[in-house]
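The values are calculated or read from the model by the stated rules, or taken from the named source; none is laboratory data. Keep in mind it's a predicted model, so treat the numbers as computed, not measured. Quick reminder, even Gly has a Cβ in these numbers, built from the backbone with ideal geometry, and neighbours come from all protein chains shown. In case anyone asks, the SASA skips ligands and DNA or RNA and just uses the protein heavy atoms, side chains included. Shrake-Rupley method; radii C 1.70, N 1.55, O 1.52, S 1.80 Å.
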Amino acid sequence: MLRIIVLGSAAGGGLPQWNCNCAGCRTARTTPALRNGQCALAASADGENWFLVNASPDLRQQILDTPALQPRHGLRHSPIAGVILTNAEVDAVAGLLTLREGWPFALHAHADVLAVLTANPIFDVLRADLVPRLPMAPEVPFQPALPDGAPSGLTVRAFTVPGKPALYREDAGAAEGDTLGLHLSAGGRHAFILPGCAEVTPALAQRLRGADLVFFDGTLWSDDEMIRTGLSQKTGRRMGHISISGPDGAMAALEPLGIARKVFVHINNSNPVLIPGSLERAEVERAGWCVPIPGTEFVA
């Protein structure tokens, strides 16, 4: 069995963002049920031990809202056995600082992402003797172990996807490890997690074909969305994200692949699919996609 809980499905800043007054953020401020944390997921092969996929800045609240991730035994305990990073974005790594209270777990990431953490001494609050930093090479499957060395039952294969470096790494020209997808498997079931993706290439389409479950980049509805709403002068392509809609968008690209269940995550506050009842939300649901709220659990 493979279980995955959506801890948050919004993009950077969450919904509502602290300083944004766009239509989506205004609606979320007056409608608490629409509020959404920054994108992170938790995966488990046994329902007892969980691996976080990215550590969002909202992680403390996400743990509070997710009983499966809360302490259950003794004075100190956590069912969080590890963290798997798909990039070096602030939205993916800042939550690591929440996990600094001296509990063992493994940190899996591309070697270049681990180098970013090493270069910033604030991450040394994660004690090296309790939190080993384990490099994760693309296309090399591995089975993350539990803190006591026992097998987790989960197999992970990272793979590169089209994207861009984290904003604070652009000037250095860094790119390695900054846009990874994950293929998770357990008990003969398979799921793919791609919170960031700029393009569905033929090779990526072939990889996803026939998958049991896919979590996919839903950042923007349309490429010029941020420009039209007055929030930014950047297109989705410039930010490294494919759009949901259009002939070259994610819905069109993944529709013929025979994927059993498709879920949008990393959804920007400007994206109308976050609002139930919107025309865009209705369109993605007609196409067989799910727009999850925090706490939604999927069993592959």
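Split the accessible area of region 3-299 by element, probe 1.4 Å, and carbon with sulfur accounts for 55%.
Estimated from helices alone, the mean residue ellipticity of the chain at 222 nm is -4000 deg cm²/dmol (sum of -39500 (n - 2.57) over DSSP H runs with n ≥ 4, per residue). Once you reduce region 103-121 and region 3-76 to the center of their Cα atoms, the two points are 21 Å from each other. Distant-in-sequence amide contacts of MET136, defined by a placed amide H-H separation under 5 Å and a gap of 5 or more residues or a different chain, comprise ALA109, HIS110, ALA111.
Entry comment: accessible area of the chain is 43 Å² per residue, from protein heavy atoms only and a probe of 1.4 Å. Apply 1/(1 + (r/R0)^6) to the Cβ-Cβ distance of GLN61 and ALA23, taking R0 = 25 Å, and write down the FRET efficiency to the nearest 0.05. Once the sixth-power term is evaluated, E becomes 0.55. Once Cα extents along the principal axes in Å is calculated for the structure shown, the corresponding label among [x] 78, 46, 28; [y] 55, 51, 26; [z] 49, 41, 40 turns out to be [z]. Distant-in-sequence amide contacts of PHE216, defined by a placed amide H-H separation under 5 Å and a gap of 5 or more residues or a different chain, comprise LEU194, VAL263, PHE264, VAL265.
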